[in-house]
Structures are given as C-alpha cells and as structure tokens.
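Report on the structure given below.
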Amino acid sequence: MFNKNIKLVLFIACFVYAVYQFIETFIGNGIMFILIGLTFLFLYYKNEFILLAFLKLRKQDFVGTEAWLSKIKNPQSALTKKQQGYYNFLKGIMVSQTNMNAAEKFFKNAVGLGLSMDHDLAMAKLNLAGIAFTKRRKLEAQRLLSEAQKLDKRNMLSEQIKMMKQQMKKASIPNQHFGQGNAGRRR
C-alpha cells in the first residue's frame with residue numbers, strides 16, 4: 001500500500017509521461033499511461049484495502065475483514081479524511097460484538113470524519129443509538145435514532161429502526177405484575 005501522497009505523485013508522473021508519449025506519436029502508450037495514472041487517482045480516493053475489507057464484510061467473513069484492515073498501519077497518513085471515516089466505521093462494526101466502549105469510539109470517529117453515503121452514516125448512528133441505549137442514555141439514543149431515520153432515505157434500515165424503537169418502548173414501560181399481587185389478595 002502506498003501513502004496517499006505517493007499515489008498522487010504517481011498519477012502526475014504517469015500523466016506527464018503519457019503527454020510525452022503523445023508528443024513522440026506513441027498514441028497507444030500514451031493511452032495506456034493515462035489509464036494507469038487514472039488507476040492511481042482512483043486508489044487515492046478509494047483505498048484498496050478498505051474496498052477489499054468491504055468485500056469480505058459483504059460475505060460475512062469477519063476474520064478476512066479484520067485481516068485487510070490490519071494491513072493499514074497508519075490510517076492518518078495513508079488515508080484521506082473520508083477513508084479514515086470508513087476505516088473507523090469498519091473497525092466499529094468489527095469490535096461491536098466484543099467491546100462496546102471501543103465500538104462507540106470508532107463509530108463517533110467515523111461520524112466525525114464523515115461518511116460519503118447517507119445510509120452508511122445512518123448505520124453508524126443506529127449503532128451509536130444501540131450502544132447509548134444499552135448504557136442507559138435514553139435521550140441520546142432517541143436523538144441518534146431520529147437522525148438515523150432522517151438519513152435513511154431509501155428505507156434500507158427501516159426494520160432495524162422499528163425494532164430499536166420497540167425495544168426502547170418495552171424498556172420504558174414499567175413492569176405491571178408487581179402491583180397486581182396486593183390486589184389479588186384482597187378479593
């Protein structure tokens with residue numbers, strides 16, 4: 001994996017060499033170097049390891065996802081701001097099964113750095129709402145849940161949002177069976 005700045009330098013070098021090839025009337029070589037340069041430019045905006053981690057996550061291969069994410073040694077220098085957001089988003093998903101505090105930190109970093117797609121941001125806020133609800137921070141959970149619902153324009157997370165709202169309602173209803181014990185004895 002190359003540093004993000006090296007990818008830009010390689011793009012510029014390929015583009016300059018492509019222009020030189022065009023001047024020398026080697027049109028095919030010039031086109032090839034433009035395509036190679038565009039590949040480096042694409043990888044500047046979309047990190048290859050994050051793309052591969054998403055593919056593994058799509059196949060429910062959590063070990064493979066973690067393996068690809070671990071290949072990114074220094075996310076701050078190797079990734080752009082949005083890529084750092086997705087790196088934290090993926091790390092949050094991976095850690096959420098075992099460590100809620102670390103997952104909350106990763107999801108908050110992902111939301112802070114920004115995610116390109118609204119449904120990814122909605123998913124991060126939905127996860128944060130679930131974590132806040134388990135930590136008994138109901139107002140924060142409700143706020144995050146409403147933000148997630150606003151961001152979910154395609155209704156991809158509507159079922160999860162409904163389930164979370166139902167769980168929150170069940171938790172807020174007091175248990176009724178405690179008050180019925182005395183009423184039954186009076187009869």
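Just so you know, all these numbers are worked out from the coordinates, no wet-lab data involved. The shown structure was predicted, so the numbers you read here are calculated from the model rather than taken from an experiment. So basically every Cβ, Gly included, is an ideal-geometry build from the backbone, and we count neighbours across all protein chains shown.
Values as computed for the structure displayed
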read-out	value
Peptide ranges 82-93, 6-17, 161-172, 105-116 listed from the most packed, as the mean C-beta count within 10 angstrom indicates	82-93, 105-116, 6-17, 161-172
Structure-derived P(r) over Cα pairs in 10 Å bins from 0, in percent - corresponding label in [x] 9, 36, 36, 15, 4, 1, 0; [y] 10, 33, 30, 20, 7, 1, 0; [z] 9, 25, 25, 17, 11, 7, 3, 1, 1, 1, 0	[z]
Helical contribution to [θ] at 222 nm, DSSP H n ≥ 4, -39,500 (n - 2.57), averaged over the chain, rounded to 500	-24500 deg cm²/dmol
R0 of 41 Å, Cβ-Cβ distance Lys105-Thr25: FRET efficiency to nearest 0.05	0.10
Subset of Lys4/Lys150; Lys91/Lys150; Lys73/Lys135 violating a 27 Å alpha-carbon distance limit	Lys4/Lys150; Lys73/Lys135
Order of Lys125, Lys73 under a 10 Å beta carbon neighbour criterion, fewest first	Lys73, Lys125
Segment 1-45, relative contact order in percent, only Cα pairs under 8 angstrom and at least six apart counted	48
